[in-house]
């Protein structure tokens, strides 16, 4: 479904790795962001998310992030940016993360059939985390910005 997305400030770390390393690398980055937030008295204003720019078996370029409000000063590789408002396709997925590839393929197919041009990146918002709920109860919202 096509929705309106509100603007959002985020703190993030952009990195890359192979597909096999994504889970480990994401944990490392979220830990680093969490330490930065705790040290600086910053609270997340929403759920964790990750932007994806390139996704192939050899290389995934991604940007784990937390939404924040108020003024935050960048430090080291931790960046502050604004995700602009606009239109996006949104899909809600419940289940193990291994099923997300099918969601992305479905959105791509829907966009092609509907003659919708997609931007060169997408993002996932994680409403809960492994360890908090069973794998079949994980909820992920997948967004693709429209051009």
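Taken together, the values in this text are just the output of simple stated rules run on the coordinates, not laboratory data. Being a predicted model, the structure only gives us computed values, none of them experimental. Cβ: placed from backbone, ideal geometry, glycine included. Neighbour counts: every protein chain shown.
In table form, for the structure just shown:
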{"quantity": "Calculated FRET value between residue 97 and residue 59, using beta carbons and R₀ = 22 Å, to 0.05", "calculated": "0.75"}
{"quantity": "Sequence of 63, 43 once ranked by neighbouring C-beta atoms within 10 Å, starting from the fewest", "calculated": "43, 63"}
{"quantity": "Segment 2-146: relative contact order as a whole-number percent, Cα under 8 Å and 6+ apart", "calculated": "30"}
{"quantity": "Potential extension, residue 5-residue 105 segment - 0.36 nm per residue separation minus Cα distance", "calculated": "33.9 nm"}
{"quantity": "Whether segment 1-114 is rounded, prolate or oblate, judged on the alpha carbon gyration tensor where a/c under 1.5 counts as rounded", "calculated": "oblate"}
{"quantity": "Order of 68, 92 under a 10 Å beta carbon neighbour criterion, fewest first", "calculated": "92, 68"}
{"quantity": "Virtual spin-label span in nm between residue 23 and residue 87, 7 Å along Cα→Cβ", "calculated": "3.8"}
{"quantity": "Ellipticity estimate at 222 nm from DSSP helix runs (n ≥ 4, -39,500 (n - 2.57)) divided over the chain, nearest 500", "calculated": "-7000 deg cm²/dmol"}
{"quantity": "Shape category assigned to segment 1-59 from the gyration tensor of Cα positions, a/c cut at 1.5", "calculated": "oblate"}
{"quantity": "Cα gyration tensor shape of segment 57-147, rounded if a/c is under 1.5, else prolate or oblate by comparing a/b with b/c", "calculated": "oblate"}
